[in-house]
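For reference, the structure discussed in these notes is given below.
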Amino acid sequence: MILDLSQLKREGYLLLSEVDEGDLAGTAQELGPLRVDPRSPEPIRDIRPQDLESAKQNTLSSRYGTGAFPFHTDAAHWDHPAQYLGLYCVDPGEGRRATMLIDSRVWALDDDEQDLACRALWATGHVRPRLCTFAKETGSGLEIRYDMDCMKPMTREAHSLKALLEARIQDCKTTQIQWKPKDLLIIDNRRMLHARASSARPDTGRLLKRMLIGGDRNAVLEL
């Protein structure tokens, strides 16, 4: 399968239909190497709603159970979060809950706000906390990381930035992905934030497959 990289670059995400599960690894590797977290070393990992008791410690499921997940960057606790996130729908579940996307570029941060985003210090991680910034400048714009369940503002500047970001997220238009079996969603993980919507009914049958793609694969650290 040949990916339309121009659309991914323009929109920050790419949604493909009728993708064969056997093609996942090859398709993902058009973008870069598959990366793994030491806690879950499968390169293509099954993810499904889990209750609080069965979820792994320090995961979103361990905090929110089968409810909605807030907007976040995947692997924000890594030194260099994966460049792309791939999600593949095996079963959308009875709840038919959506995945929601926000494009950080529509926030149109001014020069002072961008400087603050690249300067203010946060701590990330639980087992091995270390300092990071929300954003860094690149030739194509800001690259970001955002996950308030593993990032903590460490300075007055960072607290100010946190309030600014929360306001932008609250006011921002979201894109909703309504899953169908064999859909493959590829997200620019250093540009887009994603979240899991709530479900009006139990949907333990919901099954997605997750792939973390690209970036410095030698920089993975445990949460």
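The values are calculated or read from the model by the stated rules, or taken from the named source; none is laboratory data. Treat the numbers as computed from the prediction; the structure is a model and nothing was measured. Ideal geometry is used to build each Cβ from the backbone, glycine not excepted, and the neighbour counts take in all protein chains shown.
From the list Arg96, Arg128, the one residue that fits, being under 27 Å from Asp20 (Cα atoms), part of a loop (DSSP other than H, G, I, E, B) and either of a type outside the set (Phe, Trp, Tyr) or without any contact (Cβ under 8 Å) to a residue 12 or more places away in the chain (or both), is Arg96.
Quick check, is Lys136 at pLDDT 95 or above and basic (Lys, Arg)? The answer is yes for Lys136.
Residue count for the stretch 187-211 under the criterion of being within 18 Å of Leu60 (Cα to Cα), within 10 Å of the chain's Cα centre (by Cα) and not hydrophobic (A, V, I, L, M, F, W, C): the result is 2. Scanning the stretch 179-198 for residues being within 19 Å of Val106 (Cβ to Cβ), in a loop (DSSP other than H, G, I, E, B) and of a type in the set (D, E, K, R) gives a total of 2. When restricted to residues that are in contact (Cβ under 8 Å) with a residue 24 or more places away in the chain and either in contact with a Cys (Cβ under 7 Å, 6 or more places away or on another chain) or assigned to a strand (DSSP E or B) (or both), the stretch 133-147 contains 5. Looking at Leu121 and the list (1) touching a Ser or Thr at 6+ places or on another chain (Cβ under 6 Å); (2) in contact (Cβ under 8 Å) with a residue 40 or more places away in the chain, which single condition is not satisfied? The one condition Leu121 does not meet is (2). Scoring Asp79 on the criteria (1) more than 17 Å from Met211 (Cβ to Cβ); (2) touching a Pro at 6+ places or on another chain (Cβ under 8 Å); (3) in contact (Cβ under 8 Å) with a residue 40 or more places away in the chain leaves a single failure, condition (2).
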